[in-house]
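Engineer: Structure incoming, see below.
Read-outs throughout are calculated quantities, based only on the coordinates presented, and are distinct from any laboratory measurement. For clarity, every value in this text was computed on a predicted model and none was experimentally measured. Please note: Cβ atoms are built from the backbone with ideal geometry, for glycine as well, and neighbour counts cover all protein chains shown.
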Amino acid sequence: MGFHICCSVAGAGLLALGGLLTFSSVADAQSRRTTAVAQSPADDAAFKAAFEETLRKPNDPTVLMRYAELAVKIGDLEAAISALERLLLIDADQPRVNLELGVLYYRLGSYEAARGYLKSARTSAKATPELKARAEQVLADVDDKTNKTDWSGDFMFGLRYSTNANSGPSGAIRSFGATTVPTPNVTSRPDFNVLGAAALRNRYDLGTQDNATLESDFTYYGSRQFQVTDANVMLAEVTSGPRSRPFDGWADDVSVKPFVTGRYLAVHDYTTYWAWGTGIEVTSPLAANSLVAFTMLARRREFMNNPDVPNNSNSSGNEIAPTLEFRADITPAVSATFSTNVTRYIAMIASESYTEFGANTALSWRFVDPLGINGRNWIATWNVGIARAAYDAPDPSVDPSIPRMQNDLYLGFTLGVPLDERLTFVTQAGYARRDSDISNYAYEAFTVLTAVSWRF
């Protein structure tokens, strides 16, 4: 029985981690989202008229500047650059023009060209202190973009209450085919816990023609219970692999990332398992604001015997898990994610081997600060997850006549209130339920979380 309780607790921990990091990824996507330039008929007409004017007056600074401003407005950055560079042919020492050219080249991803113009703007004797400060700011952004290695991350610390901290059953259980009354440490128990979660990301530019980068990710989750200490969970995972765009032509936007991964899980301060494996991820945009990602993972899990579960090693085995995920920005303020996965796990004993089908969806809405705290947009995220698992054979120690079947449901809501650029107050409510043909594995839990998240 101990193994099954440990697995339920671990599953609850992984579910919580998934919810927390879903919020982080949504916040990151929201912060990096760009919106296409709205182009009105009036803007079009003004731009065409300005272009005709440049043909008549090719050396008129006022005409060229007006044309550049309209080009930027409609999103034609190359046209704006052409006009501004013509201005420099008239007078090379124009710090404002150099600054604008630096910004435009930065927006196009031509960082070395941007650097040259920005340095000219910064060193000009005609530059105002404000203009020099702006040039320094953009130069710092250029340095960040051209740095071969880039670090980012999210950290979260919070307090959570669960009505079923140990994911235990609420009624009678089965033992060797007989119905028994569970001991108090097995039944569901409410409790508070403190938790910490972290996601660190490193991106290293490999300097290849296909813009390959080495992507390395480290994830950590830990929770300490106030009373139900056998539900303490610690999870650490690392994944690393090169991402590139190896194809030409119509598939040049497709990125491919082979990777290796490792995981460590401990429950009740005892090692539950080590896992290691390899996989591949293929990502492709579907439209301007959507993409699809396919991941295939093959992994070995090595369970370790411990005082809670003396025969834990019997559950060691191999898994293969394909996942398909869709992400889309429905509007500038609303984004959605949907994923579906299949897991096939083959353990040393048939009663711990299973096939699982799952699906998850998340809908995020970014909206104006309703309380007028600081004017920063709040983010609300709704999560729904379902899964169905069927085990290959009955467990004789539980019920020798019934193979295990279970259905999982998770509902979650997360609200993020940004306090500044990096610090966010997070509150989360969740509901998890597992139905099973064997009462040992059925449970229900409501959770409430308050936390603070910091990102860099």
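Engineer: How long is the gain from residue 334 to residue 390 if the chain were fully straight, where each residue apart is worth 0.36 nm and the alpha carbon distance is subtracted?
Structural biologist: Length difference between fully extended and current span is 16.6 nm.
Engineer: At 37 °C and 0.692 mPa s, grab the translational diffusion coefficient of region 373-430 from Stokes-Einstein with a Kirkwood Rh over Cα pairs, rounded to a whole number in µm² per second.
Structural biologist: In µm²/s, the coefficient rounds to 220.
Engineer: Further question on the same structure: Report D for region 159-280 in µm² per second (integer): Stokes-Einstein, Kirkwood Rh on Cα pairs, 10 °C, 1.306 mPa s.
Structural biologist: 89 µm²/s
Engineer: Using unit Cβ charges (K, R positive; D, E negative) and no other charged atoms, how large, in debye to the nearest 20, is the dipole of region 262-394 about its Cα centre?
Structural biologist: Details: 9 positive and 11 negative charges, 52 e Å.
Result for region 262-394 is approximately 260 debye, rounded to the nearest 20.
Engineer: Here is a follow-up. With +1 on each Lys and Arg Cβ and -1 on each Asp and Glu Cβ, how big is the dipole of region 149-455 about its Cα centre, in debye rounded to the nearest 20?
Structural biologist: Numbers: 23 positive and 31 negative charges, 70 e Å.
Value, rounded to 20: 340 debye.
Engineer: Would you mind ranking 264, 345, 117 so that the residue whose beta carbon has the fewest other beta carbons within 10 Å leads the list?
Structural biologist: Ascending Cβ contact count within 10 Å gives the list 264, 345, 117.
Engineer: Starting with the fewest neighbours, write out 267, 63, 342, 368 ranked by other beta-carbon atoms found within 10 Å of each beta-carbon.
Structural biologist: By the 10 Å Cβ count, ascending, the order reads 368, 342, 63, 267.
Engineer: Tell me the angle of helix 2-32 to the major Cα principal axis of the chain, expressed in degrees between 0 and 90 and rounded to the nearest ten.
Structural biologist: 10 degrees
Engineer: Which angle from 0 to 90°, rounded to the nearest 10, does the C-alpha axis of helix 129-146 make with the longest principal axis of the chain?
Structural biologist: Computed tilt is about 50 degrees.
Engineer: Can you list which of the trypsin sites (Lys or Arg not before Pro) found in region 69-146 are DSSP loop residues with at most 14 other C-beta atoms within 10 Å?
Structural biologist: Answer in residue order: 126.
Engineer: Then there's this: Note the angle between two axes, namely the Cα long axis of helix 61-74 and the longest principal axis of the Cα atoms of the chain, as a number of degrees from 0 to 90, rounded to the nearest 10.
Structural biologist: 20 degrees
Engineer: Set the bar at 28 Å for Cα to Cα. Now go through 48/132; 145/257; 57/126; 119/257; 119/148; 73/145 and name every pair that lies beyond it.
Structural biologist: 48/132; 119/257
Engineer: With labels modelled as points extended 7 Å from the Cα through the Cβ direction, what inter-label distance (nm, one decimal) is found for residue 276 paired with residue 361?
Structural biologist: Between residue 276 and residue 361, the simple spin-label model gives 4.0 nm.
Engineer: I've got another one for you. Fewest first, what order do 250, 274, 151, 365 take by the number of other Cβ atoms within 10 Å?
Structural biologist: Fewest-to-most Cβ neighbours within 10 Å comes out as 250, 151, 274, 365.
Engineer: What number, in nm² with one decimal, is the all-direction average of the projected area of the convex hull of the alpha-carbon atoms of the chain?
Structural biologist: The orientation-averaged projected area of the Cα hull of the chain comes to 25.7 nm².
Engineer: Still on this model: Can you compute the charge dipole magnitude of region 41-146 about its Cα centre, using +1 on each Lys and Arg Cβ and -1 on each Asp and Glu Cβ, nothing else charged? Give it in debye, rounded to the nearest 20.
Structural biologist: On the way: 15 positive and 18 negative charges, 47 e Å.
About 220 debye.
Engineer: Dimensions of region 76-200 along principal axes (Cα, Å, largest first)?
Structural biologist: Per principal axis, max minus min of the Cα coordinates gives 93, 29, 24 Å.
Engineer: Along the charge dipole of the chain, pointing to its positive end and built from +1/-1 on Cβ of Lys, Arg, Asp and Glu, which listed residue (123, 333, 410) has its Cα farthest out?
Structural biologist: With unit charges placed on the Cβ atoms, the residue in question is 123.
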